[in-house]
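Computed from the coordinates by the stated procedures, all read-outs in this text should not be read as laboratory data. Note that the coordinates shown come from a computational prediction; the quantities given were computed from them, not determined experimentally. With ideal geometry, Cβ positions are generated from the backbone for all residues, glycine too; neighbour counts draw on all protein chains shown.
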Amino acid sequence: MGLKSPHLLLASSNSHQMLANLRHILDATACDAIQDEININVKLLFELGESHHAFAKQSSRQYWRQRISRLYYGAYNIRRAVNLHESGSFRTDVDDHKKTELPSSLGNASTYTVRLRDLREDRNLSDYDHTAKESDLVLTQDEADLIVTNFLDDARVYLVSRGVSL
């Protein structure tokens with residue numbers, strides 16, 4: 001299940017390319033309306049990431065599987081918000097989880113690129129391996145929380161500095 005049609009992000013897998021292709025037939029007002037809609041979606045993805053993060057933070061540490069899963073989804077949706085804004089890319093398929101690359105202009109991008117992979121590995125372990133123990137995680141709960149908190153903060157600075165209202 002994905003977005004419900006009609007939705008701007010279903011019109012193309014890359015909103016920046018779509019807008020570039022429409023600029024020669026649409027006036028500036030229409031193009032601005034499309035960009036505004038893209039920015040609304042960036043904001044909503046960011047808010048979804050914040051929501052997952054907040055849920056994880058208020059969850060009891062004894063539920064390490066759920067905390068790790070929600071921390072991952074917090075970071076995942078923040079990454080999606082950044083990439084939608086930066087490159088126009090938006091996907092809903094399972095392969096999107098493998099994408100961890102971030103724009104180099106984002107603070108600590110190379111660290112987050114690596115840590116997003118670790119978070120994904122831990123989320124997979126938490127969600128799917130019934131034999132897993134908390135000690136099997138790549139990152140401790142505290143490490144995962146700190147990474148996601150810092151990523152959220154750096155992504156907020158990055159997006160706001162580029163004109164996205166969060």
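The table that follows gives values for the structure above.
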quantity	calculated
Cα Rg, Dmax (largest Cα-Cα span) when computed across segment 8-161, Å	16.9, 58
Sorted by Cβ density within 10 Å, fewest first, the residues LYS98, LYS57	LYS98, LYS57
Using θ = phi - 60° and Karplus 6.51 cos²θ - 1.76 cosθ + 1.60, couplings along segment 109-114 (whole Hz; Gly, Pro as x)	4, 5, 5, 5, 4, 5
Pairs beyond 28 Å (Cα-Cα), from LYS4/LYS99; LYS4/LYS57; LYS43/LYS98	LYS4/LYS57
Whole-Hz couplings from phi, Karplus 6.51/-1.76/1.60, listed for segment 75-88; x for Gly and Pro	5, 4, 6, 5, 4, 4, 4, 4, 5, 4, 5, 6, 10, x
Cα gyration tensor shape of segment 86-145, rounded if a/c is under 1.5, else prolate or oblate by comparing a/b with b/c	oblate
Approximate spin-label separation ASN124-GLN62, in nm, with each point projected 7 Å along Cα-to-Cβ	3.0 nm
The chain: relative contact order in percent, alpha carbon pairs under 8 Å with at least 6 residues between	25 percent
Alpha-carbon centroid distance for the pair segment 99-166 / segment 13-39, whole angstrom	30 Å
